[in-house]
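J.: The structure under discussion is supplied below as structure tokens; questions concerning it will follow.
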Amino acid sequence: MGTRGRKSAAELAVVRFDKNKLPKPPAWLTKEQSDDWKTLVPDLVDVSRARWPLIEAYCKHTVALRHVGQLISDLEHSESFDVGDYDKLLRMQERESRCLASLAVRLGIAQSASYERQKRSGKQKAPWQFEG
């Protein structure tokens, strides 16, 4: 049996989606970015169309950060180590990391986002407390 009466506004506002009908990555993403999309989307709470640009940006920045990390590694192991190039790459890495952190919060996949959700729901635990 179902519940009696009309559904509340809060109940109607909940977006339900079928895990089998997840959005496919946009065609313009590279293979590596598409793979990140396919890994990320099943873990998201809300995959509405309005959030796709954020998901797309997250995937692009993830791949860019990976590439910058590879460039840093190559430079560290090269015969001709240039401190100026190394500094530029480290600044690029920091910029990409900041973008990813910001997007992770907005997408609700960052640790702080889950902590804020717990706080709002009244089930707040400090980040260092574990379920036991």
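None of the figures in this text is laboratory data; all of them are computed from the coordinates on show. These figures come from a predicted structure and were not determined experimentally. When we count neighbours, we look across all protein chains shown, and the Cβ atoms used for this are built from the backbone with ideal geometry, even at glycine.
J.: Can you sort Cys59, Cys99 by how many other beta carbons sit within 10 Å, fewest first? Show your work: numbers first, answer last.
T.: Values: Cys59 25, Cys99 17.
Lowest count first: Cys99, Cys59.
J.: Return Trp37, Trp28, Trp128, Trp52 ranked ascending by Cβ neighbour count within 10 Å, so the fewest neighbours appear first. Walk me through the numbers on the way to the answer.
T.: Numbers: Trp37 22, Trp28 8, Trp128 5, Trp52 15.
Fewest to most other Cβ atoms nearby, the residues stand as Trp128, Trp28, Trp52, Trp37.
J.: What distance in nm separates the two pseudo spin-label positions at Ser102 and Asp74, each 7 Å out from Cα along the beta-carbon direction?
T.: In this crude label model, Ser102 to Asp74 measures out at 2.7 nm.
J.: By the scheme Lys and Arg +1, Asp and Glu -1, what is the net charge of all other residues having a beta-carbon under 12 Å from that of Glu76?
T.: Every neighbour counted, the sum reads -4.
J.: Next question, about the same structure. For Thr62, Thr3, Thr39, what ranking results if the residue with the fewest other Cβ atoms within 10 Å of its Cβ goes first? Before the final figure, lay out the partial values.
T.: Details: Thr62 22, Thr3 8, Thr39 11.
Arranged by neighbour count, lowest to highest, Thr62, Thr3, Thr39 become Thr3, Thr39, Thr62.
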